[in-house]
1. Please report the projected area of the range 109-222's Cα convex hull averaged over all directions, in nm².
2. Consider all pairwise Cα distances in the range 197-291 and report the whole-number % of them above 19 Å.
3. Mind listing the Cα extents of the range 122-166 along all three principal axes, in Å, largest one first?
4. Just read off the accessible area of Glu277 with the full protein assembly in place, 1.4 Å probe, to the nearest 10 Å².
5. Keeping the other protein chains in place, figure out the carbon and sulfur percent of the accessible area of the range 235-277, with a 1.4 Å probe.
6. Rank these by accessible area, largest first, 1.4 Å probe: His268, His258.
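The values are calculated or read from the model by the stated rules, or taken from the named source; none is laboratory data. All values derive from a computational prediction rather than experimental measurement. Just so you know, the surface numbers come from the protein's heavy atoms only, side chains and all, with ligands and any DNA or RNA stripped out. Shrake-Rupley method; radii C 1.70, N 1.55, O 1.52, S 1.80 Å.
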Amino acid sequence: MAAASFSPSIAPVPATGGSARRSGRASCRRHTALESTHVTGAMWRQPALVAVAHGSRDPRSAATMSAVVAAVAAARPDLDVRVAFLDLTAPSVEHVVDAVAAAGHTRAVVTPLLLGSAFHASVDLPGLLAAARTRHPQLRLIQADVLGADPALIDALCDRVRAAAGGPGGAATTHAVGIAVAAVGSSAAAANARTTAVATRLAARTGWRTEPCFVTTEPSATLAIARLRARGARHVLVAPWFLAPGLLTDRLKHATPHVTHAEVLGPHPALTTVILERYRAAIADTAALSA
């Protein structure tokens, strides 16, 4: 069985002449970036793994997520691993699912590369998969759980902070460290509470002072930093709870240029592990329901 292969060229889809999503899906007829190349009709022992990222107009986001999925493919060369995007970037979910069906698969696990379980995971993606099942009744599509605030990802966030602080012996080794854990932000209080929980778990894991903050709602990073300093933090860093860089992380840096910003989670071994765990759990859950 051939292993998944990836093309390094991937471009955001221009959102002109209609909605960004319609443009993205139409453009997928022309874009084949990050597609696996396999012999049509091949027999597959394991379900394909379709890793679905959010998508962005910023090419750094797609490049980062392609690297994340390439790491998954490298870890499991026995699987057909493909990347798709929900919006703004090709290839679309529809395009990749069509390609998986054309390659002869009868099962695929669609794994959302999302830190939260809001609209995209609960409404948008299920709707896309329902339409795909109609087009490909021979292909069983299983939606895995989102990544969420997995303990391994909290550890990855810790690694990013330590690296930004100078590694062993750096500022993050002192007890006067404050970390502003920054996420997108939502109008839903429950979604923001999950970021607060991430900050709390990071504090429990490290002993650092932490405060949650958001790019699109309150409390802002500026307010979180002020709160940390009021609590006695002498070394303050911003830890973005984001998988990939983009316009929102740029806004975060521009709003707080006077403090150090850790890197996004990006291609980290812990992320590879969590993605594969979601894949395996989806298969196990489906098998249990079928028993």
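1. 8.5
2. That tail contains 53 percent of the Cα-Cα pairs.
3. Its Cα atoms span 52, 18, 15 Å along the three principal axes.
4. Surface open to solvent at Glu277 totals about 70 Å².
5. Carbon with sulfur: 59 percent of the solvent-accessible area.
6. The residues order as His258, His268, largest area first.
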